[in-house]
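For reference, the structure discussed in these notes is given below.
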Amino acid sequence: MEAKAIVKSARIAPRKVQIVLDLIRGKDYELALAIVENTPKAACEYLDKLLKSAAANAENNHNMDKNNLYVAECYVCPGPVMKRIRPRAQGRAYRILKRTSHITVVLKEKE
C-alpha cells in the first residue's frame, strides 16, 4: 500500500528540487518533514506542502498509520518550459528559459 502526492508545473527548476529530494529519500516521514522545514532552499516550500498532502492521503484514503510512514520514492521531472526574451545590445535578443517541475512523493508504511 502506498500514498502518493504530485505537484504539476511548479515554477522552480528541476535541478533545484533534486538537491532537497536527495536529502529526504528513504527517511521517515517525521524526519523528512523536519529536514524540509529547516533547509533554506526555495524547493522546500513545495516539498513541505507535498509531504503533508501525501501523509493526509495515506491517513484518510488508505487507513495507514502516520507514525509508520517513510519516503519510499521521490522524484522530479521537467515540466513545460516558458520561453522569454531578454533585450541585449545592438538589437540582439537572448532567450531566457523559465523551467517548471513535476514533483512526486510516494509514502509507504513500514512493515
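Looking for something touching a residue at least 40 places away in the same chain (Cβ under 8 Å), within 25 Å of M1 (Cβ to Cβ) and in contact with a strand residue (DSSP E or B) (Cβ under 7 Å, 6 or more places away or on another chain) - is there at least one such residue anywhere in segment 80-95?
The initial filter retains those residues of segment 80-95 that are touching a residue at least 40 places away in the same chain (Cβ under 8 Å), namely 80.
From what is left, the residues that are within 25 Å of M1 (Cβ to Cβ) are none.
No, because not a single residue in segment 80-95 is touching a residue at least 40 places away in the same chain (Cβ under 8 Å), within 25 Å of M1 (Cβ to Cβ) and in contact with a strand residue (DSSP E or B) (Cβ under 7 Å, 6 or more places away or on another chain).
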Taking only segment 1-50 into account, find how many residues are touching a helix residue (DSSP H, G or I) at 6+ places or on another chain (Cβ under 7 Å), touching a residue at least 60 places away in the same chain (Cβ under 8 Å) and either aromatic (F, W, Y) or closer than 17 Å to L69 by Cβ (or both).
-> 4
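Read-outs throughout are calculated quantities, based only on the coordinates presented, and are distinct from any laboratory measurement. Since the model is a prediction, treat every value here as computed from it, not as a measurement. Neighbour counts run over all protein chains shown; Cβ positions are idealised from the backbone, glycine included.
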